[in-house]
Every structure is written in structure tokens, then in C-alpha cells.
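Let me begin by presenting the structure, written as C-alpha cells, before commenting on it.
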Amino acid sequence: GTNEGLYRYTGKDFVKIADSIKAPVTALASYNDKVWVGYKNGVIAKVVHGELSEIPMQDKAPVTPITDIYVQAEDSLWLCTEGEGLGRIVGDSVMALTTKEGLSDDFVYTVVVTSPNRIMAATDRGINELIFEDGKLGIAQITTSRGLPDNIVRTVRGIPNICWSWIGTHEGGLALYCSMSHEVWTPSTNTKWEWGAVNDILPLSKKEAWVATESGYLLKASIKDSTAIDIEPIS
């Protein structure tokens, strides 16, 4: 995804995928053999067999940039936006979730589904844990008052096969959150966090993850013990 649109790499060349949207690409997600594309103007499109088509959302389409897309199933998407909260597309149905419904902030960076009826969203004001039970929505807000090192949470990435998720913040570095106990763990590091805002995290195992930062660092984070993690910058 680029400012000039969507490209596919063949292994040798970059091939532009034709579209009529004419806006920078701000989010990408894949599921099976399909790719979903989010644009700066709020448009969502899908690529099937090399052809791109816009997903109709009628009057409920966002107009701010799409910051993240999570494909839960073929016809079920979660959308994060830069100022309009969360969007949910299920089939032809579109639902918006904002501060009016209980989100702590409408600037949402990323979302992760931790169980079939539970998701977590990273926002400019902490983590929002959304729980759907018996057709009702409950939202729990986790901020610095609950132990986060920074209210601006840039990314949440679940650790495979356990209830913990990595949390990446703007200034406070890394933390972990347990969706079962609702506990926030802010581990110490060997040195003060000096690598910039966390852009993304890739969990490798229960104790290790790759971390990409705004300052251009690629970090290897390893949980050392019950109190600390080791950070190894990769040059």
C-alpha cells in the first residue's frame, strides 16, 4: 500500500492494481486468497483474483483514514479509523462504535480479536476491551490509572495460545495485558525506553517478539523473568 495506491510484487516487478478510488492506501489485511484495502478517505475495497472493487457502505462509510483492518471471517470485518472510532461490517450490515457507545477515544490505531465475543482496541486513550454477551455490548477502558505506561496505545498484538497480549505505546514502551485477569504488566527493561513510539509488534512465541518503532528501530523483545524484559536493537 502506498500514497499512489496498491501494488502487487511478483518477485521481480511491482505491478499497480488499477482502481478508481485515487487515494493513499493506509491499511491492508489478508484472509484466505483475498486482500482488503483501507484508504485515507475512509473507503474500503477488496481484491479478488487481482481485481479491486469498493465495498459499499452507503451513508455509514467513514470519511477519515482507515488505520487498521481485522478480518474475522469472510464477511466480517473490523475497521479502525482516525477519528470515527470502530466500524464493523457483517455481510451488508455496517455498525459504528464511538465514544457515544462507550469508547474512551475515537482515534483507534488497531484492533485484535481475542475470543469470538471479545476484542481489544488500541486508542489515543488506552485500551478498550469490548465484550459481546447475550446480544449486549460492554466496554472496559484500561488507561494509566489501571497500570498502562502511556495512554496513547499504538498497537495490541495477541500472544499465540495464551491470554496475554503485547501492548505498544507512544512514549512508554511496552506492556502486557491479560484478557482473563484484566491485569496490566509493565515490565522493567535493562535501560530507559529510548527507541521511540511503537509502530507494530510481531509475537514470535510466548516470550519473544519483534518490535518496530517510529524512530526506525527493529527490536527483539524477550521476557526475561517475572519482572523484566530484555531489549536487543537489531542493526
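Below is a table of values for the structure above.
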read-out	value
In segment 9-51, residue farthest from the chain's Cα centre (by Cα) [restricted to those that are within 25 Å of Val111 (Cα to Cα) and of a type in the set (D, E, K, R)]	Asp33
Those residues of segment 122-140 which are within 21 Å of Ala197 (Cα to Cα) and either surrounded by fewer than 17 Cβ atoms within 10 Å (Cβ to Cβ) or among the acidic types (Asp, Glu) (or both), in sequence order	Asp124
Which numbered condition Phe14 misses (of (1) at pLDDT below 95; (2) open to solvent by less than 80 Å² (accessible area, probe 1.4 Å))	(2)
Some residue of segment 181-194 being open to solvent by 70 Å² or more (accessible area, probe 1.4 Å), closer than 22 Å to Ala140 by Cα and out of contact with any Leu (no Cβ under 8 Å at 6 or more places or on another chain)	yes
Of all residues making up segment 4-21, the number that are closer than 18 Å to Ser53 by Cα and either in contact (Cβ under 8 Å) with a residue 12 or more places away in the chain or part of a loop (DSSP other than H, G, I, E, B) (or both)	10
Residue that is nearest to the chain's Cα centre (by Cα) [pool: residues in segment 164-180 that are under 22 Å from Thr67 (Cα atoms) and open to solvent by 40 Å² or more (accessible area, probe 1.4 Å)]	His170
Residue ID - most open to solvent (accessible area, probe 1.4 Å), chosen from residues in segment 74-116 that are part of a strand (DSSP E or B) and among the hydroxyl-bearing types (Ser, Thr, Tyr)	Ser93
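The values are calculated or read from the model by the stated rules, or taken from the named source; none is laboratory data. The model shown is predicted, which means the values in this text are computed figures rather than measured ones. Note that each Cβ is placed from the backbone with ideal geometry, even for glycine, and that neighbours are counted across all protein chains shown. Calculation scope for accessible area: heavy atoms of the full protein, side chains included, ligands and nucleic acids excluded. Shrake-Rupley method; radii C 1.70, N 1.55, O 1.52, S 1.80 Å.
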